[in-house]
Amino acid sequence: MKKKFKGWLAGVTGLLGLALVLLAAVGAHVAGLGQSEADAAAAAARCPASGQPGLDPDTAKTARKVKEMLAGSGDANVAGLSEPKKQIPNAKIIVATGIQKRIPARGQVVALATALQESTLINLGHGDRDSLGLFQQRPSQGWGTREQIMDPVYSAGKFYDRLVKLKDWEQMPVTVAAQKVQRSGFPDAYAKHEPLATALQQAIAPTLGAAPVGSTLGQPGLGGGFGPGRCAGHGGSVDFGEVPPGSLPEGYQIPATAPMQVKTAIRWALGQLGTMYQWGGSCTNPHGSDPSERCDCSSLTQRAYGVAGKEITRTTYTQIHDGHVVPTSAIQPGDLLFAVGSASRPEHVAMAIGYGYVVHAPKPGRVVEVVKQANLGPILLVVRVIG
């Protein structure tokens, strides 16, 4: 708890291979381990986008079509893409690079919408003045050399680097965030690409083991539109687990008013109920036989938010800085509650799940459990990660 710790598109390019190798380094946060990309794509195809909340029918249909193509079971005909066999591999590189750099799903949508506007997702060797590549970046404007910009992994990475430097970019409309990075002469042009960018991200992210925009996952009885198993939001790569019968307060449902990322984080944490505590465990496979992959208190909260697309740090000592402090009288679902020790160096963290309850990994010899907040003892600090 106190120490830091880890078919037709398969051969698209060596660059994509590099991105996926790098992606493995952060797989503990966003990926289901040990599953091949092809298996993940096939699993994702069994989870139709129409079952995911927040998508209009046309966007859901497009996402489903892209999923079918990724799984090798659909034809090369996607609305809005004139050359999908060129464009989807480039979209996949953009998403993979975003995941490798720990960019939330929203940021991946911004990048995809930008590339759709600037190059139609085709890696162009020409453009206005000296503009090049997927994002039409200019060597003369400090984006890199021609050779660098023509590398889709590099150009996507440079876009993300500038995006995350924007204050409050995650709260900006897609078109505003894109314009602040690109400084285009047509600042409103990005907005029209948001539905297709969302569909692409929804379809591609699960094949890489990451969360799509607006995703939820769960099982009947938890509320919030949650469905069972590995589907209904994160595809086949992230196993949310089943909530053991009797492990939740009678009638409990994830609060419908909670932000989507909070709902997803809570649901993932609840799927680990009954798994054994392991001090220093990575929480990457809590149901497995390897103790090092089980959860301690801070890896449980880190992994839950990582699955939801929000990166937080590993230890209780650092998680106190992963959001903003709120009064104990204003606790909301998803808030991190710190106890034991001191407010500047707490020794335990739990996640609020609503109605005065928390989910946490308590200590050696115990299992991940839901208890009343009062069972934690005095609350030293409350940190809100989302909202």
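From the set of residues in region 273-329 that are touching a Ser or Thr at 6+ places or on another chain (Cβ under 8 Å) and open to solvent by 40 Å² or more (accessible area, probe 1.4 Å), which is nearest to PRO244 (Cα to Cα)?
Among residues in region 273-329 that are touching a Ser or Thr at 6+ places or on another chain (Cβ under 8 Å) and open to solvent by 40 Å² or more (accessible area, probe 1.4 Å), the one nearest to PRO244 (Cα to Cα) is GLY274.
If you scan region 67-82, which residues turn out to be among the charged types (D, E, K, R) and either assigned to a helix (DSSP H, G or I) or modelled with pLDDT of 90 or more (or both)?
Within region 67-82, LYS67, GLU68 meet the criteria.
Look through region 175-229, keep the residues that are part of a loop (DSSP other than H, G, I, E, B) and among the hydroxyl-bearing types (Ser, Thr, Tyr), and return whichever of them is modelled with the lowest pLDDT.
Going through the qualifying residues, I end up with THR216.
Of all residues in region 127-141 being outside any loop (DSSP other than H, G, I, E, B) and surrounded by fewer than 18 Cβ atoms within 10 Å (Cβ to Cβ), which is modelled with the lowest pLDDT?
So, considering only residues that are outside any loop (DSSP other than H, G, I, E, B) and surrounded by fewer than 18 Cβ atoms within 10 Å (Cβ to Cβ), the one modelled with the lowest pLDDT is GLN141.
Within region 258-269, identify whether any single residue is modelled with pLDDT under 90, part of a loop (DSSP other than H, G, I, E, B), open to solvent by 30 Å² or more (accessible area, probe 1.4 Å) and in contact with a Leu (Cβ under 7 Å, 6 or more places away or on another chain), and answer yes or no.
No; the residues of region 258-269 include none that is modelled with pLDDT under 90, part of a loop (DSSP other than H, G, I, E, B), open to solvent by 30 Å² or more (accessible area, probe 1.4 Å) and in contact with a Leu (Cβ under 7 Å, 6 or more places away or on another chain).
The values are calculated or read from the model by the stated rules, or taken from the named source; none is laboratory data. What you are looking at is a predicted structure, and each value in this text was computed from that prediction instead of being measured. Note that each Cβ is placed from the backbone with ideal geometry, even for glycine, and that neighbours are counted across all protein chains shown. To get the accessible areas, we keep the full protein, side chains included, count just its heavy atoms, and leave off ligands, DNA and RNA. Shrake-Rupley method; radii C 1.70, N 1.55, O 1.52, S 1.80 Å.
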